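Derivation of every value follows stated rules applied to the coordinates shown; laboratory data play no part. If you're wondering where the values come from, they're calculated on a predicted model, not measured in any experiment. As a convention, Cβ positions derive from the backbone with ideal geometry for all residues, glycine included, and neighbour counts pool all protein chains shown.
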Amino acid sequence: MTGPDRAPGRVLNRSGSIAILVTIILLSLLGAWGLFQDLRPTLAGIGLAWFAVALCSWLLYGALLLLAVRRPIRRAELFTAGALLALAWGGLAATDIAVRANGAVHELAQEGVIAASAPSTVWLVSPAIEETAKTLGIILLAALPAARRFGPAAGFAVGVLVGVSFQVVENVVFTVQAMLEGGGGSLAILLQMGFIRGVVGLFSHVAYSGAIGAAIGWAAAAAPGARARRAMGAVVVWVLMVSLHMFSNWTTTAQAGVLYLASMGLGLLVLIVAYRWVARQPGPVAPAAG
């Protein structure tokens, strides 16, 4: 037996915590600037009004998602700054990293540098890139830490926040790009993207990152003798979520009909199972004084 889970003591010294904080803020600001620069031509093509409609629609969508998962977030005892940093990382830093990495892979595929077709990069390569970008932020916030006691509940909450913000910003990007390709702003395109990315993709990033975050929190709160085993468990969860993400993307790329709903159902199942598992975990025990 390894003993009860313990909330990790200060893993980093003050300088290390400041370094992580600066890294998260800096990458989030660079991400915001990079996304703005990428969207400027699109904004000019569809007009400010349609961009505002798309942005407000997806922000409302994100607010409703956060409202649906408010209970586990409250239970996690996140610091306010930790919650804000999680939202910033998911929506700005991780999204920008994923957009640029996915773009680079697409270019390599088109130039024949790597043996992959453009469609296959969407459902095969992109999920690994996106889950890696989001998971990096969760790990940084676990090391900071972003909660009073960083265990499964805090990891789940951070993962959900990262996933929601990533999902919202990614959906805005894809929606305005679809409008540009369609010749301008269009209510039909907005509704189509709302169905594909909002209904079919409802339980996607929030579920994937929530499960990965819970596993990372479980590993972070482990007693010293169990850390390596639990870290491997977190890696397994990451692989499973990447695989589910690949399946979800494939159903969209292949226009696989009823499998759209299957991918949504699997995402919902993952979210429920992760939350119920987290709710059964004992709260981490604070280290004894001295």
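Determine by what factor the alpha-carbon radius of gyration of the stretch 176-220 differs from 2.2 N^0.38 Å, reporting the quotient.
Details: Rg = 16.1 Å, N = 45, 2.2 N^0.38 = 9.3 Å.
Normalised Rg, Cα atoms only: 1.72.
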Sites ALA228 and SER186, calculated FRET efficiency, Cβ-Cβ separation with R0 41 Å, nearest 0.05:
0.20
Counting other beta carbons within 10 Å of each Cβ, put GLU131, GLU77 in order, fewest first.
GLU77, GLU131
Dipole of the chain, positive end: most advanced residue of GLN177, LEU244, VAL278 [Cβ charges, Cα centre]:
VAL278
Projected-area mean, the chain, by convex hull of Cα positions, square nanometres
16.1 nm²
Just to confirm my numbers, what's the Cα centroid distance between the stretch 205-274 and the stretch 11-31 in Å?
26 Å
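How much length is gained if the chain between GLN110 and ALA44 is pulled fully straight, taking 0.36 nm per residue apart and subtracting their Cα-Cα distance, in nm to one decimal? Before the final figure, lay out each step's value.
Values: separation 66, 0.36 × 66 = 23.76 nm, distance 2.68 nm.
Fully extending the segment from GLN110 to ALA44 adds 21.1 nm.
Exposure proxy check: GLU181, GLU170 ranked by fewest other beta carbons within 10 Å?
Values: GLU181 12, GLU170 22.
Ranked by crowding around the Cβ, least crowded first: GLU181, GLU170.
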Distant-in-sequence amide H partners of GLY182 (H built 1.01 Å from N, under 5 Å)
none
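I need SER209, SER15, SER248 ordered by Cβ neighbour count within 10 Å, fewest first.
On the way: SER209 33, SER15 8, SER248 26.
Ascending Cβ contact count within 10 Å gives the list SER15, SER248, SER209.
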Once every DSSP H run of n ≥ 4 in the chain is given -39500 (n - 2.57) and the sum is divided by its residues, what mean residue ellipticity at 222 nm do you get, rounded to the nearest 500 deg cm²/dmol?
-24000 deg cm²/dmol
Please compute the length gained on full extension between ARG70 and ARG100, using 0.36 nm multiplied by the number of residues separating them and subtracting their Cα-Cα distance.
7.7 nm
State the percent of C-alpha pairs, over all pairs in the stretch 135-290, separated by a distance greater than 26 angstrom.
34 percent
